[in-house]
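Written below as structure tokens is the structure these notes are about.
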Amino acid sequence: MAAWAWAMRGLLLDVSGVLYDSGGDGGVPIPGSVEAVCRLKASGLKLQFCTNETQATREKSVKNLQGLGFDISVGKVTAPAPAACRILKERCLRPHLLMHDDLVSEFAEIDNIVYKINLAS
């Protein structure tokens, strides 16, 4: 292993396109990715996952990943909606939101006016 690798304490892994191919019904794991995540977890490195998913909650995304064989928990996934909520709370903002129906619950604690759009129709 390279010398710089011994100093690492954690990794941030993207999800879509890195761990799984999102094409098709629920996607398919990229060959070797499930095993790689298992080896990384066993190595003692801290793992965090990130996604730019804007049409599903972290819970739904994690459930899909778990169904594909990944050992991932919701608390280890960073996604846009929770990040946006954190900023809105910190800055005491009251947004007008335009979002996918599935994400409305992510903003339940934010004082907002919700404009929903159903992207499926």
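The values are calculated or read from the model by the stated rules, or taken from the named source; none is laboratory data. Being a predicted model, the structure only gives us computed values, none of them experimental. Note: ideal-geometry Cβ built from the backbone for every residue, glycine included; neighbour counts use all protein chains shown.
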How many residues, within the stretch 66-81, are part of a helix (DSSP H, G or I) and over 23 Å from residue 9 (Cβ atoms)? 4
Scan of the stretch 53-99 for residues that are charged (D, E, K, R) and either more than 10 Å from the chain's Cα centre (by Cα) or surrounded by fewer than 18 Cβ atoms within 10 Å (Cβ to Cβ) (or both), ordered by number: 59, 60, 63, 71, 76, 86, 89, 90, 91, 94
Kindly establish whether residue 22 is at pLDDT below 90, closer than 23 Å to residue 82 by Cβ and of a type in the set (S, T, N, Q). yes
Looking at 68, 45, 97, 93, which is the one that is more than 19 Å from residue 16 (Cβ to Cβ) and touching a Gly at 6+ places or on another chain (Cβ under 8 Å)? 45
Looking at the stretch 14-32, which of the residues that are in contact with a strand residue (DSSP E or B) (Cβ under 7 Å, 6 or more places away or on another chain) and hydroxyl-bearing (Ser, Thr, Tyr) is surrounded by the fewest Cβ atoms within 10 Å (Cβ to Cβ)? 22
Here are some conditions: (1) under 22 Å from residue 104 (Cβ atoms); (2) part of a helix (DSSP H, G or I); (3) not hydrophobic (A, V, I, L, M, F, W, C). Residue 55 meets all but one. Which one does it not meet? (2)
Log entry, pairs with first residue in the stretch 63-82 being under 14 Å from residue 53 (Cβ atoms), second being loosely packed, with under 14 Cβ neighbours inside 10 Å, beta carbons closer than 6 Å, six or more apart or on different chains, reads 64/26; 74/59
Near pairs, Cβ below 7 angstrom, 6+ apart or cross-chain, from the stretch 87-106 (part of a loop (DSSP other than H, G, I, E, B)) to any residue that is surrounded by fewer than 12 Cβ atoms within 10 Å (Cβ to Cβ): 94/111
Filter result (within 15 Å of the chain's Cα centre (by Cα), more than 13 Å from residue 66 (Cα to Cα) and outside any strand (DSSP E or B)) within the stretch 6-40: 17, 18, 22
